[in-house]
Structures are given as C-alpha cells and as structure tokens.
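I have placed the structure first, in the form of structure tokens, so that the comments after it can refer back to it.
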2 protein chains.
Amino acid sequence: MTPRNPLNIGAVARAVSNFGFESLRLVDPYRVAMDEARSAPGAGAILAAAREFATVAEAVADCGLVVGTASMDLRESRMPLDRLEDAAPFIRGTPGDVALLFGSEKYGLSNDDISFCHRLVRIPTRPEHGSMNLGQAVAVCLYELIREPGSFPPAIRRQAPAEQLDRLADGWHAVLTQAEYAQMPTTMHKIRRLLRRLQLSPKDAQAVQGMVRQVLWKLGSKLS
Amino acid sequence: MTPRNPLNIGAVARAVSNFGFESLRLVDPYRVAMDEARSAPGAGAILAAAREFATVAEAVADCGLVVGTASMDLRESRMPLDRLEDAAPFIRGTPGDVALLFGSEKYGLSNDDISFCHRLVRIPTRPEHGSMNLGQAVAVCLYELIREPGSFPPAIRRQAPAEQLDRLADGWHAVLTQAEYAQMPTTMHKIRRLLRRLQLSPKDAQAVQGMVRQVLWKLGSKLS
C-alpha cells in the first residue's frame, strides 16, 4: 500500500496485529506520515517490523500470489474479480506467501498496481457507496481470512421487544425491593440478563408481567 | 454506542453506509464530537439521520434482539458469547429489528450496557491483542452480516513468484519492442496481467523465459 495518513497507517497495523498477521509492507509511504505512525504510542511490533519498498514490484517480488483488493467495482480492469468471501478459501489454500495489495486512500489501486496482481477481490459494499476507508477495508479483508464458522443452533421465535422486558425488569425489581432482597444496581443487571436469556415471546412477557403485578399488589397489601 | 471521537463517528457512519445499513443510533455522544462529525464533508445521509439517545435502554427500546459486540474476551460476563461468524446466521434470521451495540472507544461495553443485551458476539481477534479500533470493529461486524459466499473453483498448483513473472514480462516486452509492437506502458500492463492469468508454475515460467530469450536473440540477429 501507498498510505499518506499516519492515522491510517496506524489503523492498518492495528488490524494486522488484531487478526494475527505479521508482515506489513508499505510502498513509497509519505516520509512524514510513516515517521509519525512509527512513533505513535502503541504502534507496536507490526509497525516496528513494517518494511518499506520503493515499488509494488519489489514489495511483492517473493509472493506466489498477489491479490488486489478493492471496494469499488473494477470489472473494467478485465482481471479475475471475485467477492472477497468467495476468494478467501482460494487465498487460504494457496501455498507459499500471498500478498494482499491495497491502493492509496484517495485513488485505490492504479492500473499499474493492478498489473502486478493475479486476481482482484472486491469487498461487497453497495454500489452507491462502494469506497471504504483504508483501515476498515484492511480489517474486513483480514477478518475474512481468519474467520472460521462453527456451528450455531438455529433460531428462533419472535422476541419481546426490549422496552417490554425493561418494564418487566422494573416490576420484578420492585417486587424484590418490597421483599427486601434487591441491591441496586447489581440485582437490576442480573434481572435484565436473566430476562434476555429466557428469550420471552411478547405474549409470555405479558403473562409474566401480569404475575409480577399480582405479586406486587400482594406484597403491598401484606406490608400495609 | 457512546463515541467520543468525531473521526470514529465518521468512520462508523461510513461503514454503515458502505454495507447498506440505514440506522445509526448514538448514546450520549460527546456534543462537540457529534457536531464536528455531522458537519464533516461527506458525512452523508447516515450521519444526518443518526438519532441520539440519552441511555442504552432508550436506544434499543424497540428492538427484539440486542447483540453486544466485543473484541475482547467477555466470558466473565456469563452471557451467551459466540464468535461473530457463528452468530451471524442467528442475527440475520431473527425477525424484527435487531440492535448491534458497541461500547465506547476506550472502555468497550460496561456491565450496565451488557445487561441490556440478549447475547454477545466476539470478533475473533487474537487474545494477545484483542481490542479493535471502533470503526474497524463496526466494519467487520456489518460485513459479516451481509457476506454471502458463493462458489469458487478450488485451488491450485504452485505459482511462479512475482519476480520470475516480471523477468518474463521484461523479456516479452523486449521482444515486442524489437518487433516494433510495444507501446509503453499499456503493453507492459497487458503482459503482466496475461502472465498472471496464466497461473504459470515456476517450471513453466522458466520454459517460457527460455523461449523468449531465444526469440530475442533471433530478432537481434535479424535486425543486425
């Protein structure tokens, strides 16, 4: 990449570190931006080890696969162009070193940059607003490369809206206060979490609310 | 979310727009940061329509499912906690409005925030450096929600490294120049792209290089 903004360089390095990648290479970065980024607090090991190259050709010289990344539509480049999620298994399955190539913040990949790529991937942003922030684009691409879906139990019936649960939590809390049990705010948090774990339907929530109201009335009458 | 930095608010809004979502709600944002973000050039429709709320409870009142997002490990919260990629089908399959709740840049989700969540998702960052930049975390979560893997042909044999392809491109270009065909830089780009589309193995690349060398020699001898 050919970054110009130290904040962007820092954000890119952070994503590289977050997702467990190691190697960041910069092509002809603005001297001032690079020095500023390297000296930023928390810049960390990735930036310290980042290598700078004068040209894209040199930066990717030892890579067997170079994948250009874009959030805009680059179909006119007449290169193999895939959605990021479709290309990820291919990228992961390629032996040897693979380079992901990002363009500059302002202009993206140039035709010259693209000529060093074997293929292009596009982050599936919407056509009307395709262009992503550089640090965000890097984060999304690296996330896609490390993601590993497991299994997840299928969903789900309709849930009571949050305001209904909160009314219920209030009622419940009033009950516990009356019963001299409640310690705010811990108890309130416990109740809210419990109600959400229960995955109440609107109808069930209404039924429980009725019970709570009844208990409150009873407690009130006992106490009075 | 309770954002404090106008650049972060802008980055979040950009990701919301990039991935085709519409509704951004902010909880008690810093007045100055919000005003600055709204007036930034290109802030766009998402920020203009962003609604502000005093509390998390009000912000999520009409939502049937509230998913807290974290890049740190929150297992101690004793809430259902899933990797983002595992939770995505569940989130997409939930009828009605779903809220993704992000914490502040500095502290993430508080215990009070978490008590309004039905479940938590964790972006699978590496444990040694889990904490993500807010704008990047939002981009990754929204990307996961809209991603749609299609089919992709399986890979692949070993590829010639880029420097070998570039030597080959240089040779090829020299041939075309000798043949009075080449127009720089268009032709050079065409050659580089063609060589990458071919997915040459190192051995094949070497073989073609030999041919090119031979042609060059022949052209030279004809021209001389």
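The values are calculated or read from the model by the stated rules, or taken from the named source; none is laboratory data. Remember, it's a predicted structure, so these values are computed and weren't measured experimentally. Heads up, the Cβs are rebuilt from the backbone with ideal geometry, glycines too, and the neighbour counts pull from every protein chain shown.
Key figures
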quantity	calculated
Extreme residue, nearest to B:Asn5 (Cα to Cα), among residues of the stretch B:94-113 that are part of a loop (DSSP other than H, G, I, E, B) and within 22 Å of the chain's Cα centre (by Cα)	B:Glu105
Residues of the stretch B:21-46 classified as farther than 30 Å from A:Arg193 by Cβ and at pLDDT 90 or above, total	1
Pair list, Cβ under 7 Å, 6 or more apart: the stretch A:185-203 residue more than 9 Å from chain B (Cβ to nearest Cβ), other residue at pLDDT 75 or above and in a loop (DSSP other than H, G, I, E, B)	A:Leu200/A:Ala160; A:Ser201/A:Ala160
Residue that is nearest to the other protein chains (Cβ to nearest Cβ) [pool: residues in the stretch B:114-138 that are closer than 18 Å to B:Leu65 by Cβ and touching a residue at least 60 places away in the same chain (Cβ under 8 Å)]	B:Phe116
Given (1) in contact with a strand residue (DSSP E or B) (Cβ under 7 Å, 6 or more places away or on another chain); (2) modelled with pLDDT of 90 or more; (3) of a type in the set (S, T, N, Q), number of the condition A:Thr2 does not satisfy	(2)
Search result, residues across the stretch B:114-130 that are assigned to a loop (DSSP other than H, G, I, E, B) and β-branched (Val, Ile, Thr)	B:Ile123, B:Thr125
Odd one out for A:Leu7 among (1) modelled with pLDDT of 90 or more; (2) under 20 Å from the mean Cα position of the chain (by Cα); (3) at the interface with another protein chain (Cβ under 9 Å from one of its Cβ atoms)	(1)
Meets criteria (modelled with pLDDT of 85 or more, outside any loop (DSSP other than H, G, I, E, B) and closer than 20 Å to A:Leu168 by Cα) for B:Ala61	no
